[in-house]
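What follows is a short report on a single structure.
The values are calculated or read from the model by the stated rules, or taken from the named source; none is laboratory data. The structure displayed is predicted, hence computed values, not measured ones. Because the Cβ atoms are built from the backbone with ideal geometry, glycine has one as well, and the counts that use them run over all protein chains shown.
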Amino acid sequence: MTALEMHDVVVTHAGRRLVDVPHLRVGPDRPVTIVGESGSGKSLLAHALMGTLASTLEVDGKVDIGGRLLPLAERGNRRALWGSEVAMLPQEPALALDPTMRVGRQVAEGVLGATRETARTRAAAALASVGLPGASRTFPHTLSGGMAQRVAYAAATVGGARVLVVDEPSKGLDPASVDRLAELLLRHVVDGGLLLTITHDLRLAAALGGEVAVMRDAEVLESGEAAQVLERPRHDYTRRLVAAAPERWRHPWQRTGWETTAEPLVEATGLAKAYGSQQLFADLDVRVRPGERVALSGPSGVGKTTLGGALLRIVAPDAGRVVHHDSLRGRVQKLYQDPALSFPTLVPIEVGLRDVVKRHGADPRRLDQLVADLRLAPELLTRRPAEVSGGELQRVAIARMLLARPRLVLADEATSRLDLLTQETTIDALVRGLDDDAALLVVTHDSALADAVADTHLHLSGGDGQDAT
Amino acid sequence: MSATPTPAVLPDVTVADSRRGGPGRILAIVVLGALAAFALVGPLVLADPGAQDLGRYLEAPSLAEPLGRDEYGRSVLARLAHATRLSLLLGLVCVATALVLGTASGVLAAWRGSWIDAVLRAVSEAFVAIPALLVVLLFSALSESGSLLTLYVGLALVQWVEYFRVVRARAALVLGSPAVEAARLLGLGWVHVVARHLWPAVRPLLLTLASLGMVTSILAMSTLGFVKVGLQPPRAELGLMVTEAFPFHDVAPWLSLAPVAVLFLLTAGFLGLRHKEVTP
Amino acid sequence: MGLVSGASTSRLGAVLLRRGAQGIGVAVLVATLCFLVVRQLPGDAALRIAAGRYGYDLVDAEAAAAVRSELGLDRPAWQQLADWLAALVRGDLGTSLVTSAPVREEVGYYLLGTLQLAGLALLLAVALGGVLGTLAARRPDGLVDRAVDTWVAGVRALPPFLLGLALVLLFSVHLGWLPTVGHGSSTTIVLPAATIAIGLSGLFARVTRDAVVEVQRSEHVRFARTKGLSDRVVLVRHVLRNAGVVLVPYVGVQAVVLVEGVVVVESLFGWQGLGHALVHAVFWRDVPVLQAAALVLALLVVAVNTLVDLVVLWLDPRPRGVAVGA
């Protein structure tokens, strides 16, 4: 059983180095996980290995795969290995399955050069082995994110590929699904396969074990045993990265055992909401007091956002009522998961901000102050929302919201698209920017984030079993 | 929607979309400008388009008469100028009417929703399945000699539904977006919503629809003239001119070529004006 | 699995319900428009109808009066509208004022001609546009793509009647390969069908190109490739079907253009179809034929769209809102 080795990998675009990795080795029994922020070049490395880089990028280097030494610059030379020798588990499994084809066929066509009957049998076996024995005749749109992930795994590996490349597999998965995913990937290693995983999720990296390499600005900063890199990082950047995980946050505003007896801002009684035949929640009572931070958590699709909307009175519940304290009038705000969608897309950011300043009679210097506090470059505001990065735009959204001096804020997965470091600065900016008596509702599927921020937890688990602590 | 696929792995998305702007659009504006100038100035300085001179039957083009004369000895250039003016004016009036009606009803339906939306949508469902030519044909049956008024009413009646459907769909999307929800939470009024959200999103669509509408109107009018149920001779109209010239296509090709060329340039010009194909 | 088939049955029901309602709406709208047309017929229309029936030499005031009372123009408006709608529901379309034949038979005959022409034209257009679009999509911005783009722009700017004239001049007058006018023999359909098909093919080529390019960039096509499938298998199994989900509704959008093309081209080539009948009926003020032809043509658009919806239903298992289409 030979290892996979990459030598002198350099990816450039218009003279700029995007990847520069002299050596990378993936051995049997030793999976490799590459972690880093978006833009660090980690995904490009995976695509350079697969031969799927865009033609506008130049790539140089060699890969030693199954005893063959292949130059990376010739993209076509790995095509013949796809499916049989190298396989790739795609980023967004829900998008990677053909929506018009039944799941069984999509897995079966991964069996190359076999009769239709053999292919079908092996596909059924592969689906059964990932715990979806009856899924063969279903269409992808009926699957949950975690199920689609497992189908994609079956389809990618059914061809018998020894090398499995996995690119950001945990996007949008709740912790339980991430654990199941790690289990699945490790099974490939146990079966003698080689595993290369690209992720920004340190928990997934820890669960996979083996070797962890940290990438930043095209280069590998440090690599080594997973436990060593993640527990006792040597490089300063890795240290910051590891410390940015919510469970390790140490901010002055974090607190335990906080309580208040102030009159509640929001008083919801008997809330119920269903989508179609699915009951999201029923007979739910929620109370939010001034200064309180409440986490609404639970797996995806369970109705967290809907509940948050109901508490803000922008979503009408099927039953029950939500009473707002008088002081909330016109002072309820929301932060969105995709900040780009919460700005008028076709006008420069500052045009929209000026409307807010004018409407709320805010001091224009207050905007400048907020921009400085949130460490935003003032010239960003002359651009359109699509021309600004997600992390920056989320901070602009916070600035915009603070101009209105809110007393109740719903942050709906507001940092789920940001990398760890940006997530920490954004949440810090948000909490510190709020007035002391303002309440914060945080919708998140990340329980560590919920623990770090909130005083009160409201966990939705689907069906009607929700519990508040 | 994929979150943010590594941009470097996804090339040429913008290249493909941007290639239909630029020089083509400038050329279209120049062509249309020239035709509009011809249509506006021509009728003022050129001879009477109805003046017959049978002695100059099918006279070939010359310096004084660049497009020659037709089978009644009428100046082809003068007739062409009048026909172009007619096409452009009728198109303009039809498009303006349909645009105002359709946009207003579309925004109304998206904004107010409920029964207003339901009623307007049901009406538009019926209208959208009816070919414009059919309605105009029916309307032209109303009047003996194919009056301009019936053409106008027919065309405007058929076209408003395009604007309604496109504007309603886009406006519903914009008004239901997080951006507008955020604007409402921020207490920004409807002026902000219209000026910053709705209008910027709808404006390019309207431009595209209006240029397509001009093409539809001009072609419908000339097509009706061509099948002899539209405007009647001796009016100078592009479709009629093509029909009347057809018997002489081998002895006097300039007769047919002139209106065909104007028609082609008009449609090509308006098609070139659009930003992109809109599939409602 | 019972759940899946149950869902698809209800989707089928929803499509049929929606299109059925649209058909009724269209019928009422066209019927009302027709009615208005009849109401507003200018004074000498009766004379003209009589002339159509008896010839201009034999027509007199008496014949015109007879025609006027035959149309019932002297009765109250609502009564006439109700009568006309009631007759429509019974399937009674009246008799032609020109030929005195039952309109139902006449329209049935013309419908056959129109269906032949429209069917062939649509087939040619989809084949031509589909092939051109797929070829263009192989290399976005390549030579073929640019050539197809030019073709699309050129075809788009040519109204059907000019295109038809050009084809007649080229193939009949100059080359003498094909007959121009007439109906019946297999060669006479070539030019009219080609005229409509060429016009439509430009649009189909464009939409096919864009759809195929987009699908080829999609995650699932990339994944299919890395599963080890060949380009041809990926194209046939994944790309074309998904592009079809975008393309087929577009056929529905273009049904209106198709019908317009049919009307023009039939008149131009003297093809015995509904469009030809309609234009003649307008010219001769043959009201019953006019009404029936307009109605059937409009319903044809609804029928094409129903068909399109059903194909999309078969192509795409995902539940979704109202499908795109006319």
When you go through (1) touching a residue at least 60 places away in the same chain (Cβ under 8 Å); (2) surrounded by fewer than 22 Cβ atoms within 10 Å (Cβ to Cβ); (3) more than 15 Å from the chain's Cα centre (by Cα) one by one for B:A104, which number turns out not to apply?
(1)
Assuming A:T115 fulfils every condition listed in (1) farther than 27 Å from A:S300 by Cβ; (2) within 12 Å of chain C (Cβ to nearest Cβ) apart from one, which condition is it?
(2)
Lone unmet requirement of (1) modelled with pLDDT under 90; (2) in a helix (DSSP H, G or I); (3) out of contact with any helix residue (DSSP H, G or I) (no Cβ under 7 Å at 6 or more places or on another chain) for B:A126:
(3)
In segment A:110-131, what residues are crowded, with 20+ Cβ neighbours inside 10 Å and touching a residue at least 12 places away in the same chain (Cβ under 8 Å)?
A:G110, A:V111, A:A123, A:A126, A:L127, A:V130
Of all residues in segment A:383-407 being closer than 14 Å to A:P348 by Cα and basic (K, R), which is nearest to the other protein chains (Cβ to nearest Cβ)?
A:R400
Qualifying residue in segment A:418-435 (condition: buried (at least 21 other Cβ atoms within 10 Å of the Cβ), modelled with pLDDT of 85 or more and among the small types (G, A, S)):
no
Give B:L138, B:L99, B:L149, B:L157 a once-over and let me know the one that is among the hydrophobic types (A, V, I, L, M, F, W, C) and over 18 Å from the mean Cα position of the chain (by Cα).
B:L138
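Would segment C:21-33 turn up any residue that is modelled with pLDDT of 70 or more, more than 19 Å from C:A294 (Cβ to Cβ), within 11 Å of chain B (Cβ to nearest Cβ) and not in a loop (DSSP other than H, G, I, E, B)? Don't jump to the end; show me each part of the working.
So in segment C:21-33, the residues modelled with pLDDT of 70 or more come out as C:21-33.
Imposing the further condition that a residue be more than 19 Å from C:A294 (Cβ to Cβ) reduces the set to C:21.
After this cut, where a residue has to be within 11 Å of chain B (Cβ to nearest Cβ) as well, the list is C:21.
Retained after the next criterion (residues that are not in a loop (DSSP other than H, G, I, E, B)): C:21.
Yes: segment C:21-33 contains one or more residues that are modelled with pLDDT of 70 or more, more than 19 Å from C:A294 (Cβ to Cβ), within 11 Å of chain B (Cβ to nearest Cβ) and not in a loop (DSSP other than H, G, I, E, B).
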Output the residue which, of all residues in segment B:113-130 that are free of Cβ contacts under 8 Å to residues at least 12 places away in the same chain and at the interface with chain C (Cβ under 7 Å from one of its Cβ atoms), is surrounded by the fewest Cβ atoms within 10 Å (Cβ to Cβ).
B:A122
Residue ranges of strands (runs of 3 or more DSSP E) in segment A:164-269 with at least 2 members farther than 27 Å from A:S84 by Cβ and modelled with pLDDT of 90 or more:
A:211-216, A:219-225
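So which residues in segment C:115-150 are farther than 26 Å from C:G275 by Cα, surrounded by 18 or more Cβ atoms within 10 Å (Cβ to Cβ) and touching a helix residue (DSSP H, G or I) at 6+ places or on another chain (Cβ under 7 Å)? Break it down into steps so the answer makes sense when it comes.
Going residue by residue through segment C:115-150, those that are farther than 26 Å from C:G275 by Cα are C:130-150.
Pick out the ones that are also surrounded by 18 or more Cβ atoms within 10 Å (Cβ to Cβ) and you get C:130, C:132-137, C:140, C:145, C:148-149.
Hits for segment C:115-150 are C:G130, C:L132, C:G133, C:T134, C:L135, C:A136, C:A137, C:P140, C:D145, C:V148.
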Out of (1) facing another protein chain (nearest Cβ under 9 Å); (2) at pLDDT 85 or above, what's the single condition that is false for C:E266?
(1)
Take residues that are closer than 22 Å to B:A129 by Cα and tell me which of the helices (runs of 4 or more DSSP H) falling wholly in segment B:147-251 contain 1 or more.
B:148-175, B:199-226
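Rundown of residues vs (1) among the aliphatic types (A, V, I, L, M); (2) more than 27 Å from A:A154 (Cβ to Cβ); (3) touching a residue at least 60 places away in the same chain (Cβ under 8 Å), yes/no style:
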| residue | (1), (2), (3) |
| --- | --- |
| A:P28 | no, no, yes |
| A:M50 | yes, no, yes |
| A:A54 | yes, yes, no |
| A:I65 | yes, no, yes |
| A:A80 | yes, no, no |
| A:G83 | no, no, yes |
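It is to be established whether one or more residues within segment B:217-239 are among the polar types (S, T, N, Q) and more than 21 Å from C:L268 (Cα to Cα).
Narrowing segment B:217-239 to residues among the polar types (S, T, N, Q): B:217, B:222-223, B:232.
Among the residues that remain, those that are also more than 21 Å from C:L268 (Cα to Cα) are: none.
There is no residue in segment B:217-239 that is among the polar types (S, T, N, Q) and more than 21 Å from C:L268 (Cα to Cα).
What's the total number of residues in segment B:89-98 that are buried (at least 21 other Cβ atoms within 10 Å of the Cβ) and among the aliphatic types (A, V, I, L, M)? Lay out the reasoning, then the answer.
Keep residues of segment B:89-98 that are buried (at least 21 other Cβ atoms within 10 Å of the Cβ), which gives B:90-91, B:94-95, B:98.
Checking which are among the aliphatic types (A, V, I, L, M) leaves us with B:90, B:95, B:98.
Selection size over segment B:89-98: 3.
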In segment A:179-186, is there at least one residue being under 20 Å from A:P28 (Cβ atoms), in contact with a Lys or Arg (Cβ under 9 Å, 6 or more places away or on another chain) and away from chain C (no Cβ under 14 Å)?
yes
Name every residue in segment A:377-395 that is farther than 18 Å from A:G39 by Cβ and buried (at least 18 other Cβ atoms within 10 Å of the Cβ), in order of residue number.
A:L381, A:P385
Which one of the conditions (1) under 16 Å from the mean Cα position of the chain (by Cα); (2) buried (at least 21 other Cβ atoms within 10 Å of the Cβ) does B:A110 fail to meet, given that it meets all the rest?
(1)
Residue that is part of a loop (DSSP other than H, G, I, E, B), within 14 Å of chain C (Cβ to nearest Cβ) and of a type outside the set (V, I, T), where the choices are A:G104, A:G131, A:G160, A:G76
A:G160
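Having 2 or more residues that are basic (K, R) is the bar; report the helices (runs of 4 or more DSSP H) wholly within segment C:179-280 that clear it.
Of the helices (runs of 4 or more DSSP H) lying wholly inside segment C:179-280, those with at least 2 residues that are basic (K, R) span C:190-216, C:219-226.
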Determine which member of the set A:L24, A:L44, A:L70, A:L95 is within 22 Å of A:E168 (Cα to Cα) and more than 9 Å from every other protein chain (Cβ to nearest Cβ).
A:L24
Exactly one of these conditions fails for A:S300: (1) in a helix (DSSP H, G or I); (2) over 19 Å from A:V453 (Cα atoms); (3) at pLDDT below 90; (4) of a type outside the set (A, V, I, L, M, F, W, C). Give me its number.
(1)
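Tell me, which residue of segment A:355-370 that is of a type outside the set (A, V, I, L, M) and not in a helix (DSSP H, G or I) is farthest from the other protein chains (Cβ to nearest Cβ)? Talk me through it step by step, then tell me what you get.
Here is the first cut: in segment A:355-370, the residues of a type outside the set (A, V, I, L, M) are A:355, A:358-361, A:363-366, A:368-369.
Checking the rest, the ones that are also not in a helix (DSSP H, G or I) come to A:361, A:363.
Working: A:G361: 11, A:D363: 17 Å.
Among those residues, the one meeting the criterion is A:D363.
Take A:G330 and decide whether it is at positive phi and either out of contact with any Leu (no Cβ under 8 Å at 6 or more places or on another chain) or assigned to a loop (DSSP other than H, G, I, E, B) (or both). If you could, list the steps in order and put the result at the bottom.
Values: at positive phi: yes; either out of contact with any Leu (no Cβ under 8 Å at 6 or more places or on another chain) or assigned to a loop (DSSP other than H, G, I, E, B) (or both): yes.
Taking the combined requirement at face value, the residue satisfies it.
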Quick one: in segment C:197-210, of everything that is within 10 Å of another protein chain (Cβ to nearest Cβ) and over 12 Å from C:V251 (Cβ atoms), which residue is surrounded by the fewest Cβ atoms within 10 Å (Cβ to Cβ)?
C:D210
Is it true that C:G154 is of a type in the set (G, A, S) and either crowded, with 21+ Cβ neighbours inside 10 Å or away from every other protein chain (no Cβ under 14 Å) (or both)?
no
Name every residue in segment B:201-241 that is surrounded by 23 or more Cβ atoms within 10 Å (Cβ to Cβ) and of a type in the set (D, E, K, R), in order of residue number.
B:E237
Among the candidates A:R407, A:R400, A:R384, single out the residue that is touching an Asp or Glu at 6+ places or on another chain (Cβ under 8 Å), touching a residue at least 12 places away in the same chain (Cβ under 8 Å) and among the charged types (D, E, K, R).
A:R407
